[in-house]
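Quick notes on the structure that follows.
The values are calculated or read from the model by the stated rules, or taken from the named source; none is laboratory data. Just so we're clear, the structure is a prediction, and the values are computed from it rather than from any experiment. Cβ placement follows ideal geometry from the backbone for every residue including glycine, while neighbour counts extend to all protein chains displayed.
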Amino acid sequence: MNEPVSPLSSMIRLLIVDQQLAFRDALATRLQTEPDLMVLAKAESAEFAASVLVGRPADVILLDADLPDNAAMAFAAEIMQRPDPPRIVMLSTGSEPARIVAAVRASAAAWVRKDESIDHLLSVIRGVVRGETWLPLRELGVVLHLLIEDQDDRRDSDDLLSSLTPRERDVLFLLVEGVGRKEVAHQLQLSANTVRTHLHSLMSKLGVHSTLEVVALARPRLEGVPKIPQPRQRASRESDWSMGPHGPRLTLDPKPL
């Protein structure tokens, strides 16, 4: 006899880390009104957040990128070394490309300004759980340039493809087309763990540390390279790492009826 599935199993578990008490309390109150979100805890520092995560796994960490002493980047890099790590969404009052690049290299999944709309933040939270990456559209071009400019020893497209297995090549082409990780698994009929393994292999072979860096490095080298057609549906979104138009400024008012 099958055991009933707990409603909590489908909830997205959140940890909020922000140095501003009023902001993290207001954000937690607003997020708790969403039926699919559950705030596990709130923390004012990376050190406290690390202790909170012991025995209490989170799906997404909303992390204040403006923590002093570069603590957010160090915390993100450390967390991503753990087995089955959570997705990290950086929250900041700014969107300087160099800081976004540092976050990407620390394996953060998204960067969201604190003056974005709450609806946008909700979309990002649900998107990163699906394997998407979200960055500010205005800074995207500069961010991609910074991610690849120091790869002076990168190989041309022929060398790049020859180093990959057929399945790694399939995964890479879909990523470059803007397909998220969950959709890659669906289209290639692979498990999420298998896709994650291929991604780690791609990162190792390209000498990078994130999916976005894989795409940034591979895209200019794969332009014009023929791809064996696959019977699949294209993802409905334009890209898994670019945002749509910005909404109104972030408001943390109670959810309207």
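Residues in the stretch 207-218: is at least one surrounded by fewer than 16 Cβ atoms within 10 Å (Cβ to Cβ) and modelled with pLDDT under 80?
Within the stretch 207-218, one or more residues are surrounded by fewer than 16 Cβ atoms within 10 Å (Cβ to Cβ) and modelled with pLDDT under 80.
Show the residue pairs meeting these rules: Cβ distance below 9 Å; 6+ apart or different chains; first residue within the stretch 42-55 and in the same structural domain as residue 28 (by TED's automatic domain parsing) and at pLDDT below 85; second residue charged (D, E, K, R) and surrounded by 14 or more Cβ atoms within 10 Å (Cβ to Cβ).
Qualifying pairs under 9 Å: 52/42.
For the subset of the stretch 6-45 comprising residues that are part of a strand (DSSP E or B) and of a type in the set (Lys, Arg), which member is nearest to residue 92 (Cα to Cα)?
Applying the filter and picking the extreme gives 42.
Just checking: which of the helices (runs of 4 or more DSSP H) contained wholly in the stretch 86-182 hold 1 or more residues that are surrounded by fewer than 18 Cβ atoms within 10 Å (Cβ to Cβ), at pLDDT 90 or above and at negative phi?
118-129
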